[in-house]
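Chemist: I have a structure here, written as structure tokens, and I will follow up with some questions on it.
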Amino acid sequence: MTHSHDVVVVGAGLAGLVTTAQLVGAGRRVLLLDAEPPASLGGQAFWSFGGLFLVDSPEQRRLGVKDSAELALADWFGSAAFEGAPVDGPDRWGRAWAEAFVDFAAGELRAWLHAQGVRWFPLVQWAERGGYLAEGHGNSVPRFHVTWGTGPGVLEPFVRTLLDAHAAGLVDVRFRHRVTSMVTTDGRVTGVRGDVLAPDPVPRAVPSSREVVGQFELAAPAVVVATGGIGANHELVRESWPTSAGRLPARMLSGVPDHVDGSGLAAAHDAGGALVHTDRMWHYPEGVADHTPVWSRHGIRILPGPSSLWLDADGRRLPVPLFPGFDSLGALQHITARGDDHSWFVLDRTILGAEFALSGSEQNPDLTGRDVRGLLDRVRPGAVGPVEAFAQRSPEFLWADTPAELAARMNALSGTPRIDAAALERTIVARDRQVASGLGKDLQVTATAMARRYVVDRVIRVAPPHRLLDPAHGPLLAVRLSVLTRKTLGGLHTDLEGRVLRPDGQVLPGLWAVGEAAGFGGGGVHGHRALEGTFLGGCLFTGRTTGRALVAATGS
């Protein structure tokens, strides 16, 4: 049988674009399908902060950061807590992808992207410090390299390749084509079928029409699933959440557009592909509702420095080491185990100005727009523009001059009298005494002082130690934090070539998976807990690796 395409790629996000780039670079003919309108080309990656996990980079070395592949892999394994034997345990392929990815992050990744024009903000950030012992969760050193241009900057070379390949006749791109099932023949995936959706000129990521105007069926020797995870499907997220971690609340925010609903995973599973580790997820507890939402329940994650007090819904501090920026998943599981739908940051104006950042390309116009002059605001006193806008426009940012006034406003927002004003003041005063001592036994205070040893944190990310009740740094601020759904850590089980496996561990011929749909490799490269900053890199690596394997598999 003659096919008009060598490979069908389902999903036009970053992983799908990288896979396509590898294929067309070798002269393969690709059909790229996506359910969304052309405005949403690039998927979730467009909205990202553009942070990439690089190991022993020139940027790190210039800042005096001593990193290595061995240290990074130890951090990865300490966070992942992979189960079973390396050779035949349930995390066999996830572990293998992790080892390969760390080698990539310490080797080819930077040079590969640099050759395509990608550049990075020189001040490397320190994401997810962990706060545990040496073999526990967290990054031992700063590795979060923010792309100059943020998410759109990461996408740029792959969008350019797609457009050039389309002009050369190597890629056929069909938007508004929603794949609902795989075509199988004699146990092999041989194509896809689905719905043609009505044209809809909505802007990027705005929920689009689901009106069906036709059906399609297309054949190809290979099909790649690049449709992402389940983050916008809150019902499925709650159903998948492990019972050992309590329950996810009825009220949650979405960190991904509506179309990230798990439908691609379901279609691949129905065709015989194995879904593994579906209870492993990476959602955030530090979400705030976007004051100018694009998609349904649109939330933004606060990227905090370490100084804010993190309080539960009753006003008690979260246990050690669940400080801001240390262990987001641990904090989330603490909150869900209590059955709460919110927690609080308590801080002051000085900490807001020095330590708060917002995740997302649209919340960082200086980096996204490559505005050198705008970057100067990050080293000046006070909050950068988008943070200041949130602080003034969001009803979840509460200002007050005294702890009693702050407690009253927190209770008014939540609709419950759970914050005791006297207890809140005692908590703040106890913390302030530790800071005023110049030393102190409070582990958050000492961790914050340690953070300031790193030059980037001292300059742009961590406020100088001071008392929260010092009027010179006021007024006080409380921010209500909600659960923000984001990433699926499990996914389609794949081998090191990206081939989807059946439940018996054998290859399902004709079906491949990349990016979040593959658990960023092997159905779970992150194990139980991710090292922050590795998600975009996982899309790049699975797309590159699987695309190269497909080149070999589809012949010349």
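Chemist: Can you work out which of the residues in segment 217-243 that are in a strand (DSSP E or B) and in contact (Cβ under 8 Å) with a residue 40 or more places away in the chain is surrounded by the most Cβ atoms within 10 Å (Cβ to Cβ)?
Modeler: Per the criteria, the residue is V225.
Chemist: Does at least one position in segment 73-82 carry a residue that is more than 24 Å from H145 (Cβ to Cβ) and out of contact with any Ser or Thr (no Cβ under 6 Å at 6 or more places or on another chain)?
Modeler: Yes, some residue in segment 73-82 is more than 24 Å from H145 (Cβ to Cβ) and out of contact with any Ser or Thr (no Cβ under 6 Å at 6 or more places or on another chain).
Chemist: Which residue pairs have Cβ atoms under 6 Å apart, sit 6 or more places apart or on different chains, and have a first residue in segment 260-285 that is at pLDDT 95 or above and a second that is of a type outside the set (A, V, I, L, M, F, W, C) and assigned to a helix (DSSP H, G or I)?
Modeler: Going by the 6 Å Cβ cut-off, the qualifying pairs are L275/H269; T278/S240; D279/S240; Y284/S328.
Chemist: Okay, next question. For segment 316-376, please list each of the helices (runs of 4 or more DSSP H) lying entirely inside it that holds at least 2 residues being without any contact (Cβ under 8 Å) to a residue 12 or more places away in the chain.
Modeler: Fully inside segment 316-376 and qualifying: 372-375.
Chemist: Can you pull out the residues in segment 386-408 that are charged (D, E, K, R), surrounded by fewer than 16 Cβ atoms within 10 Å (Cβ to Cβ) and under 32 Å from the mean Cα position of the chain (by Cα)?
Modeler: E388, R393
Chemist: Looking at (1) part of a strand (DSSP E or B); (2) surrounded by fewer than 24 Cβ atoms within 10 Å (Cβ to Cβ), which is the one condition that is false for V294?
Modeler: In the conditions (1) part of a strand (DSSP E or B); (2) surrounded by fewer than 24 Cβ atoms within 10 Å (Cβ to Cβ), V294 misses (1) alone.
Chemist: Can you tell me how many residues within segment 510-556 are in a helix (DSSP H, G or I) and without any contact (Cβ under 8 Å) to a residue 12 or more places away in the chain?
Modeler: Residues that pass the stated criteria total 1.
Chemist: On to the next question. What tally of residues in segment 36-76 results from selecting those that are in contact (Cβ under 8 Å) with a residue 24 or more places away in the chain, in a helix (DSSP H, G or I), more than 18 Å from V124 (Cβ to Cβ) and not hydroxyl-bearing (S, T, Y)?
Modeler: Of the residues in segment 36-76, 9 are in contact (Cβ under 8 Å) with a residue 24 or more places away in the chain, in a helix (DSSP H, G or I), more than 18 Å from V124 (Cβ to Cβ) and not hydroxyl-bearing (S, T, Y).
Chemist: In the list L33, L17, which residue meets the criterion of being part of a strand (DSSP E or B) and open to solvent by less than 10 Å² (accessible area, probe 1.4 Å)?
Modeler: L33
Chemist: Another one. Can you tell me how many residues in segment 328-352 are among the aliphatic types (A, V, I, L, M) and touching a Ser or Thr at 6+ places or on another chain (Cβ under 6 Å)?
Modeler: So the answer is 3.
Chemist: For segment 359-385, what are the residues that are open to solvent by 30 Å² or more (accessible area, probe 1.4 Å), modelled with pLDDT of 80 or more and closer than 21 Å to E532 by Cβ?
Modeler: Passing the criteria: E362, T368.
Chemist: (1) in a loop (DSSP other than H, G, I, E, B); (2) over 23 Å from F535 (Cβ atoms); (3) in contact with a Phe, Trp or Tyr (Cβ under 9 Å, 6 or more places away or on another chain): which one isn't true of H466, the others all being true?
Modeler: (3)
Chemist: Sticking with this structure for a sec: State yes or no: is V213 surrounded by fewer than 21 Cβ atoms within 10 Å (Cβ to Cβ) and in a strand (DSSP E or B)?
Modeler: yes
The values are calculated or read from the model by the stated rules, or taken from the named source; none is laboratory data. These figures come from a predicted structure and were not determined experimentally. A quick note on method: Cβ atoms are made from the backbone with ideal geometry, for glycine too, and the neighbour counts reach across all protein chains shown. The accessibility values were calculated without ligands, DNA or RNA, using every heavy atom of the protein model including side chains. Shrake-Rupley method; radii C 1.70, N 1.55, O 1.52, S 1.80 Å.
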